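The values are calculated or read from the model by the stated rules, or taken from the named source; none is laboratory data. Keep in mind the model is a prediction, meaning the values are calculated, not measured. Glycine also receives a Cβ, built like all others from the backbone with ideal geometry; neighbour counts cover every protein chain displayed. Note: areas computed on protein heavy atoms with side chains; ligands, DNA, RNA excluded. Shrake-Rupley method; radii C 1.70, N 1.55, O 1.52, S 1.80 Å.
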Amino acid sequence: MIGKKSYRALVGLTYPDAASLKLIPKGGVIKLSPEQASKLKYKNAAAGKTCDDIPEDAVGWLLRDGLIAEIEKKKGG
């Protein structure tokens with residue numbers, strides 16, 4: 001996708017993978033039954049690692065709270 005931003009974790013992060021995100025209803029994981037929640041798969045990003053696949057809805061507060069940073073793209077390459 002052209003123009004997609006890249007992010008780096010500034011702390012260790014755990015977040016649902018893309019397939020699991022589709023299973024989470026509005027209201028979050030707490031709205032799932034224990035059986036539904038057990039089917040979710042999570043990804044881990046250690047501090048300093050790229051985390052371009054974090055949930056789009058979380059980017060704003062993760063940036064604001066200083067948990068991720070946008071990776072500056074180098075010009076000319």
Karplus-derived HN-Hα couplings along region 56-70 (A = 6.51, B = -1.76, C = 1.60, θ = phi - 60°), whole Hz, x at Gly and Pro: 4, 5, 8, 4, x, 6, 5, 5, 4, 7, x, 8, 9, 9, 6
The chain - percent of accessible surface contributed by carbon and sulfur, probe 1.4 Å: 55
Test item: Cα-centred dipole of the chain, Lys/Arg +1 and Asp/Glu -1 on Cβ, debye: 180
Cβ-based net charge around residue 64, under 14 Å, with every Lys or Arg adding one and every Asp or Glu removing one: -3
Cut-off 9 Å between beta-carbons: net charge of the residues surrounding residue 15, Lys and Arg +1, Asp and Glu -1: -1
222 nm mean residue ellipticity, helices alone, for the chain (DSSP H n ≥ 4; -39,500 (n - 2.57); rounded to 500): -3500 deg cm²/dmol
Longest site-free stretch - the chain; sites: trypsin sites (Lys or Arg not before Pro), DSSP loop, at most 16 other Cβ within 10 Å: 50-72
Kirkwood Rh (inverse of mean 1/r, distinct Cα pairs), the chain, angstrom: 13.8
Residues with amide H under 5 Å from that of residue 43, placed H, sequence gap 5 or more: 15, 17
Accessible surface, the chain, averaged per residue in Å² (probe 1.4 Å): 77
